[in-house]
């Protein structure tokens, strides 16, 4: 197959979005799970956002002048996240996905990043096999949660919108829990007005860029996670990701009417520190 890999451009958003929608829908339908994107427009909207974002390295695969797949690396100072990686369902099984991943991992090395991470659908055994062969390790089983907003408030835990004066404290909290910060994402969320912090006894003890698919949260304990989830107006996108091994949080979510949509898996290659606190990963990591 005559395959060419090149850097993505804004003009690729529609073609990449349509492939992204078809690829995720095909694998989800095959396993009787709901697709991550409800329609092609939502996937195209994501691609428009990605191609216009300064912190994302985009990679497009072409064959005979036609786009057949894409992959993305969300870069920060120390850690990067991969995805979404998609290949046109009509020409899969030709190692296009492997080539897209190998080139992205070359980018990780060129940027001297300490580690790279991704989240994959646990039912997709082929992607799990590919990522494992490429050196990724399973770190955390996840449950994708969705449901109506809870409207639960805890008097001792004050949840409020985050502002730029909170950035240093939040980054230090992330550094304490994960061994690295996610300052680029957090700053973007503050500017977009989706980020929140939770205060306990006048001190910031947790934050969330948003409670949803593309948001992450870090906290000192489960109490802060409950406060942020309980205060969320909605759970953006297909839902938020909860570490399944956190039995207390999983039971709390289920007992409050939330449901598990699908199982997912957090994987990493390179630097990884076992979390020293409570957290919600994003679909990136």
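Is one or more of the residues making up region 4-12 out of contact with any helix residue (DSSP H, G or I) (no Cβ under 9 Å at 6 or more places or on another chain) and either touching a residue at least 60 places away in the same chain (Cβ under 8 Å) or part of a loop (DSSP other than H, G, I, E, B) (or both)?
no
The rows are residues; the columns are (1) surrounded by 16 or more Cβ atoms within 10 Å (Cβ to Cβ); (2) in a strand (DSSP E or B); (3) over 16 Å from the mean Cα position of the chain (by Cα).
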site	(1), (2), (3)
204	yes, yes, yes
218	yes, yes, no
257	no, no, yes
264	yes, yes, no
Return only the number of the condition from (1) within 28 Å of residue 34 (Cα to Cα); (2) buried (at least 18 other Cβ atoms within 10 Å of the Cβ) that residue 233 does not satisfy.
(2)
Does residue 182 meet the test of being assigned by TED's automatic domain parsing to the domain that holds residue 19 and either under 21 Å from the mean Cα position of the chain (by Cα) or under 20 Å from residue 276 (Cα atoms) (or both)?
no
Collect the residues in region 89-131 that are out of contact with any strand residue (DSSP E or B) (no Cβ under 8 Å at 6 or more places or on another chain), within 25 Å of residue 75 (Cβ to Cβ) and in contact (Cβ under 8 Å) with a residue 60 or more places away in the chain, keeping them in residue-number order.
124
Within region 35-71, restricting attention to residues that are in contact (Cβ under 8 Å) with a residue 60 or more places away in the chain and crowded, with 22+ Cβ neighbours inside 10 Å, which residue is nearest to the chain's Cα centre (by Cα)?
36
Evaluation of residue 72 against (1) modelled with pLDDT of 95 or more; (2) touching a helix residue (DSSP H, G or I) at 6+ places or on another chain (Cβ under 8 Å); (3) farther than 22 Å from residue 265 by Cα (one fails), failing number
(3)
Determine which single condition residue 22 fails, assuming it passes every other condition in (1) in a helix (DSSP H, G or I); (2) over 28 Å from residue 182 (Cβ atoms); (3) free of Cβ contacts under 8 Å to residues at least 12 places away in the same chain.
(3)
Counting only residues that are in contact with a helix residue (DSSP H, G or I) (Cβ under 9 Å, 6 or more places away or on another chain) and in a helix (DSSP H, G or I), which one in region 75-100 is nearest to residue 28 (Cα to Cα)?
89
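The values are calculated or read from the model by the stated rules, or taken from the named source; none is laboratory data. All figures in this text were calculated on a predicted structure; none of them were measured in a lab. All Cβ positions, glycine included, derive from the backbone under ideal geometry; neighbour counts span all protein chains shown.
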